[in-house]
Amino acid sequence: GTCYAFTTGTALGNHIQALTSSSPTSGWQGYTGGSGSSALPSPPSWETPDTQTSPGVFFYAGHWVMFYDASTSGHPADSGNSCLSVATAATLSPPVFTDNSGGPLYCGTPGVGVLDPSPFVDPATGAAYLVWKSNDGGGSAAPSQIWTAQLGAGGTTIVGTPTVLLTVDQPALPWETTTDDPQ
């Protein structure tokens, strides 16, 4: 009976927010229970505060999984130092996730940055995958790419080597230096 949406960006900075609604057409309300308005009230210490963005949430292997990106400690947002991380929740009542990681899940090429993770389940096989983009707009000369990797049985780890799905064709389209939101 409750719909949930997850987003980022508030007057307080980049925080992952949970929104709830009894019907998306009737409007959304910010979740303000137990931990303020954040769906990730305690980001891990390896992350720079207020750089957590782009939540991708799904239910898999008996729990809720939220992938997101954040800059590594000491680096501002959009500096080429964003990495992927993952948080989990047993329930969405309340919609609060926990990330106990000691480091990033995946960072890609140093100085390029990765962001906009989006998990999905292949309906034919039931296998979970993650897609994301590289080049966080931090001045990197690297072309933006969309990547994918299969997720492990619990939906929180990357299995194998990530694969490039798409590369922005900069020589043919020199004004195109990035791509966004690969879901």
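The values are calculated or read from the model by the stated rules, or taken from the named source; none is laboratory data. These figures come from a predicted structure and were not determined experimentally. Reconstructed Cβ throughout: ideal geometry from the backbone, glycine too, with neighbour counts over all protein chains shown. These area figures cover heavy atoms from the full protein model, side chains too; ligands, DNA and RNA do not enter into them. Shrake-Rupley method; radii C 1.70, N 1.55, O 1.52, S 1.80 Å.
Miscellaneous remarks
- Ellipsoid fit via the Cα gyration tensor, the range 90-141: semi-axes of 26, 18, 11 Å, each the root of five times an eigenvalue, largest first.
- Ordered from highest to lowest accessible area with the whole protein assembly present and a 1.4 Å probe, THR2, THR51 read as THR2, THR51.
- Nearest-10 value in Å² for the accessible area of THR91, using the 1.4 Å probe: 70
- With R₀ set to 41 Å, the beta-carbon distance separating THR109 from TRP28 gives a calculated FRET efficiency near 0.65.
- Using a Förster distance of 35 Å, the FRET efficiency for SER73-ASP180 (Cβ separation, nearest 0.05): 0.90
- Label-to-label distance, VAL164 versus ALA90, with points set 7 angstrom from Cα along the beta-carbon direction: 4.4 nm.
- Local charge for GLY56 was computed over the other residues whose Cβ lies under 11 Å away, with Lys and Arg +1 and Asp and Glu -1, and equals -3.
- Radius 14 Å from Cβ of GLY74, net charge of other residues (Lys, Arg +1; Asp, Glu -1): -2
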